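Structure first, commentary second.
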Amino acid sequence: MKNKTILSARHVVTILLVFYLFSFRSYCGDKVKLGIDNIDSYLKVFEGKRVGLITNQTGLNSEFVPTIDILKAKTELKALYCPEHGIRGDAGPGDNVDSYTDSKSGLPVYSLYKNGTGIPPAKEDIEGIDILAYDVQDVGARFYTYISTMYQSMKACKKYDKEFIVFDRPDPISGNIVEGGITGRDYVSFVGIAPIPGRYGLTCGELAKYLNDSMKIGCKLTVIPMNNWKRNMFWQNTKLLWIPTSPNIPTAETAIVYAGTCFFEGTNLSVGRGTAMPFLQIGAPWIKDPEKLADGMNKLQLNGVKFRGLYFAPLADMYKGELCGGIGICVTDRKNFRAVEVAVKLLFKIRELYNNKFEFRSPAKDGRYWIDLLTGSSMLRTSDSAEKVLRDWKVQSEEFKNKTKKYYIYQ
């Protein structure tokens, strides 16, 4: 009887263990297969055609094989094209990127970013190709310039009768969350190339489909899709390793917060460039009581986030080498954290506590404020109410989300 009891208990434990493992796998899902992982199913698209590739250091398949090497082996790859930060990710933010010959592949590299802004592919730079492919990992924020390069390249393909192919990649900050204001007509720039919100909730392939239709580009577009990606996923759910998309987006966690804290680049606050936690900390030498600022933010009880007072010394950009008091942003719940809401509330809190010190950066030569270009309008700069800004932006972002659902490739 005792042995039967032990056997029965063991059976129960085994059943529970199997159930647990099955449930865990069902919850976590399979590893995401990137668009470039699926190239063998789309080789007919490339057959007999000369290929150009827009890529950078993030252009790898899920086994870390560079897209450059894959296309060189499987297609007639003729040229490379680089966005901001260069083909190998070795250029800083806003740095001029020259055209050159890539020493590893032996291919010509044509720059699509010069003099601090993006440039479309020139006719002479793409006349030797039939297909222009795009494989770059984005961060899901409109002002991150890779999607602007994609947009300009799609227009060039239409103009010069080339095909445009997107190897799709995840939106690392979820395809379900859309936040921020739409870029207004007077605020179009390379950080706001089209009327989309700051956090747009689309993969680059879905965004390409939307832009091709809504902006009436009309290029011949093919999106090579992923497998196993779901809209509710963050990068941490994909089982893929993160490659820093630029020098100051070192982690996937940074990308989540960047979708809001990038606004502070339009102010006289440091975003921590050149530190271990860029965009996860905001500060300035004139913030003398970081704990007071953190306490004020924690009292707001915003979803999915905690704040702490801290000090840091940026090694680049604003206040280089100076000790800054500031605030650290600690995401506790990605699904409920809202980067844009946090950034807006933090900006208003800093204005409240340091009104005699806080400033927006001066306008550029064309008279436009950088904060306006980042946010898509003058609303954040001119409003006296965070709630009004967020209420108006919520209407805009929800309208965009509803409008783009028909372009979804994934559910």
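Considering only segment 295-310, I want to know if a residue exists there that is touching a Ser or Thr at 6+ places or on another chain (Cβ under 7 Å), among the small types (Gly, Ala, Ser) and under 16 Å from GLU341 (Cβ atoms). Yes, some residue in segment 295-310 is touching a Ser or Thr at 6+ places or on another chain (Cβ under 7 Å), among the small types (Gly, Ala, Ser) and under 16 Å from GLU341 (Cβ atoms). Checked across segment 95-113, the condition of being aromatic (Phe, Trp, Tyr) and surrounded by fewer than 16 Cβ atoms within 10 Å (Cβ to Cβ) holds for at least one residue. ASP95: among the acidic types (Asp, Glu) and within 27 Å of ASN38 (Cα to Cα), yes or no? The answer is no for ASP95.
From the list LEU323, LEU353, the one residue that fits, being in contact with a Pro (Cβ under 7 Å, 6 or more places away or on another chain) and more than 23 Å from GLY180 (Cβ to Cβ), is LEU323. If only residues of segment 214-229 that are in contact with a Gly (Cβ under 7 Å, 6 or more places away or on another chain) and not hydrophobic (A, V, I, L, M, F, W, C) are counted, the one that is nearest to GLU253 (Cα to Cα) is ASN228. Please verify whether ASP333 is part of a loop (DSSP other than H, G, I, E, B) and either closer than 19 Å to LEU300 by Cβ or not assigned by TED's automatic domain parsing to the domain that holds SER189 (or both), treating the condition exactly as stated. Here the answer is yes, as ASP333 does meet what is asked.
Tell me, please, whether a residue that is among the basic types (Lys, Arg) and on the phi > 0 side of the Ramachandran plot can be found in segment 266-288.
Checking segment 266-288: not a single residue is among the basic types (Lys, Arg) and on the phi > 0 side of the Ramachandran plot.
Here is a list: LEU373, LEU390. Which entry is in a helix (DSSP H, G or I), over 14 Å from GLU341 (Cβ atoms) and outside the structural domain of PHE143 (by TED's automatic domain parsing)? When all the criteria are applied, what remains is LEU373.
So which of THR149, THR183 is over 17 Å from THR375 (Cα atoms) and of a type in the set (Val, Ile, Thr)?
Sole residue among the options that is over 17 Å from THR375 (Cα atoms) and of a type in the set (Val, Ile, Thr): THR149.
Do we have TYR113 as of a type in the set (Phe, Trp, Tyr) and modelled with pLDDT of 95 or more here? No: the conditions fail for TYR113.
Taken over segment 336-365, the criterion of being more than 21 Å from THR251 (Cα to Cα), assigned to a loop (DSSP other than H, G, I, E, B) and of a type outside the set (D, E, K, R) is satisfied by TYR354, ASN355, ASN356, PHE358, SER362, PRO363, ALA364.
Among the residues of segment 364-382, just one is surrounded by fewer than 19 Cβ atoms within 10 Å (Cβ to Cβ) and in contact with a Phe, Trp or Tyr (Cβ under 6 Å, 6 or more places away or on another chain), namely ARG381. Checking GLU398, GLU387 one by one, the residue that is charged (D, E, K, R) and free of Cβ contacts under 8 Å to residues at least 24 places away in the same chain is GLU387 and no other. Of all residues in segment 276-304, those being crowded, with 19+ Cβ neighbours inside 10 Å and either farther than 17 Å from PHE348 by Cα or touching a residue at least 40 places away in the same chain (Cβ under 8 Å) (or both) number 10. Within segment 149-177, the only residue that satisfies the criterion of being of a type in the set (Lys, Arg), in a loop (DSSP other than H, G, I, E, B) and more than 15 Å from the chain's Cα centre (by Cα) is LYS162. Restricting TYR27, TYR20 to those that are closer than 30 Å to ILE243 by Cα, over 23 Å from the mean Cα position of the chain (by Cα) and modelled with pLDDT under 95 reduces the list to TYR27.
Among the residues in segment 178-189, are any within 26 Å of ILE39 (Cβ to Cβ) and not in a strand (DSSP E or B)? Checking segment 178-189: not a single residue is within 26 Å of ILE39 (Cβ to Cβ) and not in a strand (DSSP E or B).
The single condition among (1) touching a Leu at 6+ places or on another chain (Cβ under 8 Å); (2) assigned to a loop (DSSP other than H, G, I, E, B); (3) within 30 Å of LYS49 (Cα to Cα); (4) not β-branched (Val, Ile, Thr) that ARG273 does not meet is (3). Only one of the numbered conditions (1) surrounded by 17 or more Cβ atoms within 10 Å (Cβ to Cβ); (2) under 17 Å from the mean Cα position of the chain (by Cα); (3) modelled with pLDDT under 95 is violated by ARG142, and that is (3).
If you check LEU302, LEU380, LEU347 for being under 23 Å from the mean Cα position of the chain (by Cα) and under 17 Å from PRO197 (Cα atoms), only one passes: LEU380.
The number of residues in segment 303-326 being hydrophobic (A, V, I, L, M, F, W, C), under 23 Å from PHE360 (Cβ atoms) and in contact with a Cys (Cβ under 8 Å, 6 or more places away or on another chain) comes to 2.
Can you tell me which residues in segment 48-71 are of a type in the set (A, V, I, L, M, F, W, C) and surrounded by fewer than 24 Cβ atoms within 10 Å (Cβ to Cβ)? Before the answer, list the steps.
Filtering segment 48-71 down to residues of a type in the set (A, V, I, L, M, F, W, C) leaves 51, 53-54, 60, 64-65, 68, 70-71.
Hits for segment 48-71 are VAL51, LEU60, PHE64, VAL65, ILE68, ILE70.
The values are calculated or read from the model by the stated rules, or taken from the named source; none is laboratory data. Please read all numbers here as calculations on a predicted model, not as lab measurements. Glycine gets a Cβ as well: all are built from the backbone with ideal geometry, and neighbour counts include every protein chain shown.
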